[in-house]
Amino acid sequence: MKPAAFVVVVAAALACGPGGAFAAEATADTTAAPAVRAAPAPREFRLAAPVSPTLATVMSPVFPGWGQLYADNGWRGVLAFGVEMFYWSRLLMYDRKAERLLDWRDATDNDAVRDFYWAQAEEYRELARDNAWWSAGAMFIMALDAYVGAHLHRFEHDPVPVPSNWDPGDVPQPIELPAAGRPAGAATLGWSATF
């Protein structure tokens with residue numbers, strides 16, 4: 001190790017130690033050059049433990065997008081939350097419109113108007129039921145997505161073990177072409193079977 005590098009390492013160790021320069025900054029000389037701290041190592045915010053697909057599937061319907069966030073799929077979690085909020089807000093909107101029309105129906109004495117308000121309220125109730133079904137279908141797809149996402153958690157980071165040396169041993173190979181005996185550039189098809 002070079003002497004200059006050794007001095008820097010020792011100075012950094014003394015500065016960062018319990019009685020170092022950073023511990024007593026208030027009493028340090030302000031005219032001296034400031035000490036430089038080493039940058040902290042970047043942290044990885046991924047889960048160390050494997051992700052449970054069952055837990056991700058259960059978490060997704062409890063709070064839309066939670067299962068996707070648990071499986072480390074942030075944008076899918078935001079999309080799931082947005083889709084569910086769209087259907088739930090429309091469901092509530094149509095239900096409130098139906099309730100308002102039924103209140104107006106009860107407030108009037110005209111039979112033709114009462115029938116009109118009742119028909120409109122039934123139309124809005126049907127739209128609310130449709131949005132409830134669409135919401136349930138979207139929630140099923142989200143739970144399925146959370147399940148698959150949990151199974152594929154860290155798929156791109158974990159290498160698949162591939163043997164570097166393949167020795168088939170006594171197993172016959174399906175196609176063995178002789179190196180000699182065929183013209184250069186000719187295509188050869190072979191078939192081999194053992195019974």
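The values are calculated or read from the model by the stated rules, or taken from the named source; none is laboratory data. Small disclaimer: the values here were computed from a predicted structure and weren't measured. So basically every Cβ, Gly included, is an ideal-geometry build from the backbone, and we count neighbours across all protein chains shown.
Might you let me know whether region 50-60 holds any residue that is at pLDDT below 85, outside any helix (DSSP H, G or I) and either on the phi > 0 side of the Ramachandran plot or charged (D, E, K, R) (or both)?
No, there is no match, as no residue in region 50-60 is at pLDDT below 85, outside any helix (DSSP H, G or I) and either on the phi > 0 side of the Ramachandran plot or charged (D, E, K, R) (or both).
What residue, among those in region 77-100 that are buried (at least 17 other Cβ atoms within 10 Å of the Cβ) and under 26 Å from the mean Cα position of the chain (by Cα), is nearest to residue 133 (Cα to Cα)?
This residue is 87.
Against the definition (touching a Ser or Thr at 6+ places or on another chain (Cβ under 9 Å), closer than 25 Å to residue 65 by Cα and surrounded by 12 or more Cβ atoms within 10 Å (Cβ to Cβ)), how does residue 143 come out, yes or no? Steps first, please.
Details: touching a Ser or Thr at 6+ places or on another chain (Cβ under 9 Å): yes; closer than 25 Å to residue 65 by Cα: yes; surrounded by 12 or more Cβ atoms within 10 Å (Cβ to Cβ): yes.
So residue 143 passes the test.
Condition check: over 30 Å from residue 69 (Cβ atoms), among the β-branched types (Val, Ile, Thr) and modelled with pLDDT of 90 or more. Does residue 171 satisfy that?
no
Check whether at least one residue in region 105-113 is modelled with pLDDT under 95 and buried (at least 17 other Cβ atoms within 10 Å of the Cβ), and report yes or no.
yes
In region 131-168, which residue that is among the charged types (D, E, K, R) and either at pLDDT below 90 or in a loop (DSSP other than H, G, I, E, B) (or both) is nearest to residue 52 (Cα to Cα)? So that I can check it myself, show each step before the final result.
Within region 131-168, the subset among the charged types (D, E, K, R) is 145, 154, 156, 158, 167.
So of that shortlist, the ones also either at pLDDT below 90 or in a loop (DSSP other than H, G, I, E, B) (or both) come out as 154, 156, 158, 167.
On the way: 154: 13, 156: 18, 158: 16, 167: 36 Å.
Of everything passing the filter in region 131-168, 154 is nearest to residue 52 (Cα to Cα).
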